[in-house]
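Here the structure is laid out as structure tokens; the discussion comes afterwards.
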Amino acid sequence: MALTIVADDLTGACDAGTLFAGRAPVPVTVWPGAPVVAEVAVVDTESRHIDREAASARVSGAAASRPAAMSWFKKIDSTLRGHVGAEIVALLEATGAPSAVTCPAFPSEGRVVLDRVLRVDGAAAAHVVDVIRSESDRPLAWVPLAEVRAGAVALAARLARLAGMIAVADAETDDDLDTIVGAALALEHAPLLAGSAGLAQSLAARLGLRAGRAPLPGGRWLIVAGSLHEATRRQLAGARRAGLRVLATAAAEDTDTGEAAATLAREAARLLATESFDLIVLIGGDTAVAFYRTLDATRIDLVGAPRPGLAFGYVRAPGHPVLPVLTKAGSFGPPGLFVSLRKEAAS
């Protein structure tokens, strides 16, 4: 079965795609590059920060570039950034899927959906139905947690009655997400699944493609951090104390956008021209894609996830050696993340 994952930024494309690398590396390409022919392929439309109409057009174009795909997954941000509703509708229309089931929950990273409200570490962050409705004229339905926990058979019957709609499902645990995926796959005409890496993880397991934990190389590491989210700042402080090489923007705010990310990527590329590293860590979606474009890369081949929310793979770029990379969104991970990962790699 051919599966295509469509994401709106590069770290999201990677943290979802890497979960499906159980049989073979999963290739990720960045707009305007087309998906690579593979059992599972990921395309990053780089549409989070552009206008709604352009974002929808890129998603439609991604679908048209892989017409042989039999199945689709719409990767959305676990905090609902970007054009969530518009991109779900664009992929529905481009693929002819009968309906969609969406849930941004990512329980291992503190994201859950209860009573239609996305909660991050316990605090209400967004009303999922309202976010989708703001960019979609499709009818919406809510599937409360009690209906999810009634089991996959009952939930499948409920989803079958929601043909033509976008269903927003509650989920608090990985088991809840697995039930949602199981119910969707049980239908004769499967709906489009739209979610974060939490939902993708359950789909990978159900399809028998779930990757094992990927070991990271030891040796010299270079951390390139455009995002200065509070979680990342704590991680960088620990990494520096442990003696890891860090390139990061100096401003106190999150600067993983535009020229700041491009400047950081160019600095990293210059460093790589004179020094060798065994692993490049890219933090923040804009920083990751700026690095990708600075090297004129053609794809990233993902091989697994050392931790939830992380992705390990290899950047392929003409004129450069194959580069091992680890990608991470700015908001993910505990303070000692890189220190613990480095110790594991060295052991």
| message | If Arg48 meets every condition in (1) over 18 Å from Asp286 (Cβ atoms); (2) charged (D, E, K, R); (3) open to solvent by less than 30 Å² (accessible area, probe 1.4 Å) apart from one, which number is that one? | response | (1)
| remark: In the set Ala231, Ala190, the lone residue that is at pLDDT below 95, aliphatic (A, V, I, L, M) and more than 19 Å from Ile76 (Cα to Cα) is Ala231
| note | By residue number, the members of the stretch 36-54 that are of a type in the set (A, V, I, L, M, F, W, C) and either in a loop (DSSP other than H, G, I, E, B) or under 14 Å from Ala2 (Cα atoms) (or both) are Val36, Val37, Ala38, Val40, Ala41, Val42, Val43, Ile50
| query | If you check Ala57, Ala68, Ala63, which single one turns out to be of a type outside the set (Ser, Thr, Tyr), outside any loop (DSSP other than H, G, I, E, B) and modelled with pLDDT under 95? | reply | Ala63
| request: Count, please, the residues in the stretch 79-91 that happen to be touching an Asp or Glu at 6+ places or on another chain (Cβ under 9 Å) and either closer than 25 Å to Glu39 by Cα or open to solvent by 20 Å² or more (accessible area, probe 1.4 Å) (or both). | output: 6
| task | Would you check which residues across the stretch 305-347 are open to solvent by less than 10 Å² (accessible area, probe 1.4 Å), closer than 20 Å to Thr29 by Cβ and touching a helix residue (DSSP H, G or I) at 6+ places or on another chain (Cβ under 6 Å) and list them? | result | Ala311, Thr327
| note | Note on the stretch 1-35: residues surrounded by fewer than 19 Cβ atoms within 10 Å (Cβ to Cβ) and either assigned to a strand (DSSP E or B) or touching a residue at least 60 places away in the same chain (Cβ under 8 Å) (or both) are Met1, Ala2, Gly22, Arg23, Gly33
| Residue list for the stretch 62-83, restricted to those being more than 13 Å from the chain's Cα centre (by Cα) and in contact (Cβ under 8 Å) with a residue 12 or more places away in the chain | Ala62, Ala63, Ala64, Ser65, Arg66, Ala68, Ala69, Met70, Ser71, Trp72, His83
| said: If the requirement is being in contact with a strand residue (DSSP E or B) (Cβ under 7 Å, 6 or more places away or on another chain) and without any contact (Cβ under 8 Å) to a residue 24 or more places away in the chain, which of these qualifies: Arg316, Arg342, Arg299? | reply: Arg316
| query | Based on what the data block shows, is Ala94 over 21 Å from Gly309 (Cβ atoms), of a type in the set (Gly, Ala, Ser) and open to solvent by 40 Å² or more (accessible area, probe 1.4 Å)? | reply | yes
| If you check Thr294, Thr257, Thr327, which single one turns out to be within 22 Å of the chain's Cα centre (by Cα), among the hydroxyl-bearing types (Ser, Thr, Tyr) and at pLDDT below 95? | Thr257
| query | For residues in the stretch 119-142 being in a strand (DSSP E or B) and in contact (Cβ under 8 Å) with a residue 40 or more places away in the chain, which is most open to solvent (accessible area, probe 1.4 Å)? | reply | Ala125
| field | Matching residues in the stretch 262-286 - criterion: being part of a helix (DSSP H, G or I) and within 18 Å of the chain's Cα centre (by Cα) | value | Gly285, Asp286
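The values are calculated or read from the model by the stated rules, or taken from the named source; none is laboratory data. These figures come from a predicted structure and were not determined experimentally. As a convention, Cβ positions derive from the backbone with ideal geometry for all residues, glycine included, and neighbour counts pool all protein chains shown. What goes into the accessible areas is simple: the full protein's heavy atoms, side chains included, and nothing from ligands, DNA or RNA. Shrake-Rupley method; radii C 1.70, N 1.55, O 1.52, S 1.80 Å.
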